[in-house]
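J.: Here it is, the structure in full.
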């Protein structure tokens, strides 16, 4: 299924509900369908690089769009948090950041940091570890990297430049809810010995906010990574 009715599109999609009956759907894979946009919608409705789907297809088929350093031509490809979008013809870069409204597409530059959260790790042949990141990418890496850590990835070489550990004192960004997009310092990590998710208490400008671990993303060790200022894409 590559399309769905506009009225059934996720609420955080900032698209007109009455413009047309149908809209592209997300092909899950890189990001969950309920936390991402289809690439075609990003290009046409969010970044305004195409007036209609025909123009978007031409841009994609011309291999002019990269997501995290890799050419993507699938209009339904899922685009989500911390992805770096490069429109090669215009040489313009955008980073996807969370906000209370959902996701913001913010213009940046070629030096933007690609942050990837470690969601899972497993032993593979040869005594090495395979790490799975929040965007579905996998990599063979050092065993010292732990689940919920964040790595800074060089999208040109695919090499890990730095590890940002998930620990008390680290800086994290809230990725969901009314505090989405805010950065604070981890005050306490609460390990829950039950089926309930582990929790974290984050100090944001003197206010202690509690959230589940899945809703925080490490963005700094001694200081947070600098992000461009949010621009309104509506």
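Read-outs: derived from the displayed coordinates by stated rules, not from any lab. Just so we're clear, the structure is a prediction, and the values are computed from it rather than from any experiment. FYI the Cβ positions are ideal-geometry reconstructions off the backbone, even for glycines, and counts take in every protein chain you see.
J.: How many angstrom separate the Cα center of region 130-204 from the Cα center of region 32-101?
T.: 24
J.: Once you compute Rg and the Kirkwood Rh from C-alpha atoms, what is the Rg to Rh ratio for region 171-220?
T.: Reported Rg/Rh (Cα atoms, Kirkwood Rh): 0.95.
J.: Still on this model: Work out Dmax and Rg for region 82-168 from the C-alpha atoms and quote the Rg first, both in angstrom.
T.: In order Rg, Dmax, the Cα atoms of region 82-168 give 14.5, 45 Å.
J.: Given only helices, namely DSSP H runs of n ≥ 4 each adding -39500 (n - 2.57), what is the per-residue ellipticity at 222 nm of the chain, to the nearest 500 deg cm²/dmol?
T.: It comes out at -1000 deg cm²/dmol, rounded to the nearest 500.
J.: What Kirkwood Rh does region 114-164 have if only Cα atoms enter the pairwise 1/r average? Answer in Å.
T.: With all distinct Cα pairs of region 114-164 included, I get 10.8 Å.
J.: Hey, could you pull the Cα Rg and Dmax for region 75-234, both in Å?
T.: 16.1, 52
J.: If you don't mind, another one. Return, for the Cα atoms of region 33-136, the radius of gyration and Dmax in Å, separated by a comma.
T.: Considering region 33-136 through its Cα atoms, Rg and Dmax are 15.1, 51 Å.
J.: When 77, 58 are ordered from fewest to most other Cβ atoms inside 10 Å of their Cβ, what list results?
T.: 58, 77
J.: In what sequence do 138, 157 fall when counting other Cβ within 10 Å, fewest first?
T.: Ascending number of Cβ neighbours within 10 Å: 157, 138.
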